[in-house]
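The values are calculated or read from the model by the stated rules, or taken from the named source; none is laboratory data. Worth saying up front: this structure is predicted, and the values here are computed from it rather than measured. Every residue, glycine among them, receives a Cβ derived from its backbone with ideal geometry; neighbour counts consider all protein chains shown.
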Amino acid sequence: MRVDKTVFTLYETGTLFSTAPTNEVAVKLHEEISGFLGVSVETPSRKFLIGLDETGKGEVLGHSILVGVVFPSSLLRQVEDLVNLADTKRRKSVSYWDNLFVEIDGLRSKGLDFVMEKIPPWHVDKYNLKIRLWMLFIRGFFLN
């Protein structure tokens, strides 16, 4: 769910994630949801943040793409500002995604790094993608 520039995502595991509230309505909604669930918003205390994700339709439409990212927590606000508006469920022009990539890639000089791997459809059923994600992360960041 999106409220202005704030994105709320409820995962199948029951985890609720949101980007930082950006206006009064989003702040109130964030407080209501947090109060209802009995959770509080915490600023990450780790020195580095990691993320792993994969495309969702590769096994039907072609290759799946796995991505791992790591960056210093001091870049969180900059990363949020860049990707917060990236609505992957709506069609965008190729130039939109190219420009977003260039902006994200520009953060590499500040400590952000990422790795990608393309998985063919015949490997999707053969190998567990979650295991492949972790292998990609370990190989990309710790074995290079």
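Which number in (1) at pLDDT below 75; (2) in contact with an Asp or Glu (Cβ under 7 Å, 6 or more places away or on another chain); (3) not aliphatic (A, V, I, L, M) marks the one condition that SER64 misses?
Unmet condition: (1).
Please pick out the residue among LEU100, LEU49, LEU76 that is within 24 Å of TYR11 (Cβ to Cβ), modelled with pLDDT of 80 or more and touching a Lys or Arg at 6+ places or on another chain (Cβ under 9 Å).
Selected residue: LEU100, the only one of LEU100, LEU49, LEU76 that is within 24 Å of TYR11 (Cβ to Cβ), modelled with pLDDT of 80 or more and touching a Lys or Arg at 6+ places or on another chain (Cβ under 9 Å).
List the residue pairs whose Cβ atoms are under 7 Å apart, where the first residue sits in segment 63-85 and is outside any strand (DSSP E or B), the second is among the hydroxyl-bearing types (Ser, Thr, Tyr), and the two are 6 or more positions apart or on different chains.
Note: pairs meeting the criteria are GLU80/THR19; ASN84/THR19.
If I filter segment 20-29 down to residues being under 21 Å from VAL79 (Cα atoms) and modelled with pLDDT of 75 or more, which single residue comes out as surrounded by the fewest Cβ atoms within 10 Å (Cβ to Cβ)?
Among those that are under 21 Å from VAL79 (Cα atoms) and modelled with pLDDT of 75 or more, it is ASN23.
Among (1) under 29 Å from GLY111 (Cβ atoms); (2) at pLDDT 80 or above, there is one condition LYS5 misses while meeting the rest; what is its number?
(2)
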